[in-house]
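Engineer: Let me give you the structure first, and then I'll get to my questions.
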Amino acid sequence: MAGIELCAARAVKTSMTADKKYEITVTTRTTYVPEQSDAGQDRYVFAYTITLKNTGSIAAQLISRHWIITDANSKSQEVRGLGVVGEQPKLQPDESFEYTSGTAIATPVGTMRGTYQMVADDGLQFDAAIPEFTLSIPRVLH
C-alpha cells in the first residue's frame, strides 16, 4: 500500500501481575494513503501497522480486538471482531507478530486506541492495551 508514513513508533506495555507473566508490548505506525482518500468527499484513509510482542513469561493468543476510532469532530466508531487480519496469533515469550490494516475517517486528523483480548496458556484472559495514536495527513500537525 503506497502512502506517506507518519508518526514515530509508540509502545505501551500491559502488565497484569507484578512478575510480568502476562505482558504484551504494542507498537504502532501510521501512513496516510492519499490515492484512496478524497478530501472533497470527507474521506481520509490511513494504514496502520501494529507490532505485538509477548514481553511476558507465558505464551498468549490474541482472540479478539476492540478499536475506538475518533475523528476531529469527536465522532467515534467502535470496531470489534475476532482476531486481526483473519488470524489469531499465538505468541510465545519474546515472539512478535506484525500486521497492517486500514481505516477511513471524515477529517484529516483523528485518533485510534483500543485493546486486544488475549488468553494465556494457563487459561487467564487479559487485555493488552493499544496506545492511542494519531491519524494525520502530512503537514497538518507539527
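The values are calculated or read from the model by the stated rules, or taken from the named source; none is laboratory data. All figures in this text were calculated on a predicted structure; none of them were measured in a lab. Every residue, glycine among them, receives a Cβ derived from its backbone with ideal geometry; neighbour counts consider all protein chains shown.
Engineer: Within the range 81-116, which residues are touching a Phe, Trp or Tyr at 6+ places or on another chain (Cβ under 8 Å), part of a strand (DSSP E or B) and more than 22 Å from Glu35 (Cα to Cα)?
Structural biologist: Of everything in the range 81-116, those that are touching a Phe, Trp or Tyr at 6+ places or on another chain (Cβ under 8 Å), part of a strand (DSSP E or B) and more than 22 Å from Glu35 (Cα to Cα) turn out to be Val84, Glu87, Leu91, Arg113, Gly114.
Table: residues versus (1) surrounded by 13 or more Cβ atoms within 10 Å (Cβ to Cβ); (2) among the small types (Gly, Ala, Ser); (3) without any contact (Cβ under 8 Å) to a residue 40 or more places away in the chain.
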site: Ile68; (1), (2), (3): yes, no, no
site: Val84; (1), (2), (3): yes, no, yes
site: Leu91; (1), (2), (3): yes, no, no
site: Asp94; (1), (2), (3): no, no, no
site: Glu98; (1), (2), (3): no, no, no
site: Ser101; (1), (2), (3): yes, yes, no
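Results for (1) hydrophobic (A, V, I, L, M, F, W, C); (2) under 16 Å from Val109 (Cβ atoms); (3) modelled with pLDDT of 95 or more, shown as yes or no for each residue.
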residue	(1), (2), (3)
Tyr44	no, yes, yes
Ile50	yes, no, yes
Ile58	yes, no, yes
His66	no, no, yes
Asn73	no, yes, yes
Glu78	no, no, yes
Gly81	no, no, yes
Val84	yes, no, yes
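Engineer: Would it be correct to say that Ile58 is surrounded by 15 or more Cβ atoms within 10 Å (Cβ to Cβ) and touching a Ser or Thr at 6+ places or on another chain (Cβ under 9 Å)?
Structural biologist: Working: surrounded by 15 or more Cβ atoms within 10 Å (Cβ to Cβ): yes; touching a Ser or Thr at 6+ places or on another chain (Cβ under 9 Å): no.
No.
Engineer: Oh, and also: Is the range 62-79 home to any residue that is part of a strand (DSSP E or B), touching a Phe, Trp or Tyr at 6+ places or on another chain (Cβ under 7 Å) and farther than 25 Å from Ser136 by Cβ?
Structural biologist: yes
Residue-wise test of (1) in contact with a helix residue (DSSP H, G or I) (Cβ under 7 Å, 6 or more places away or on another chain); (2) on the phi > 0 side of the Ramachandran plot; (3) among the aliphatic types (A, V, I, L, M).
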{"residue": "Gly83", "(1), (2), (3)": "no, yes, no"}
{"residue": "Tyr99", "(1), (2), (3)": "no, no, no"}
{"residue": "Ala106", "(1), (2), (3)": "no, no, yes"}
{"residue": "Arg113", "(1), (2), (3)": "no, no, no"}
{"residue": "Ile137", "(1), (2), (3)": "no, no, yes"}
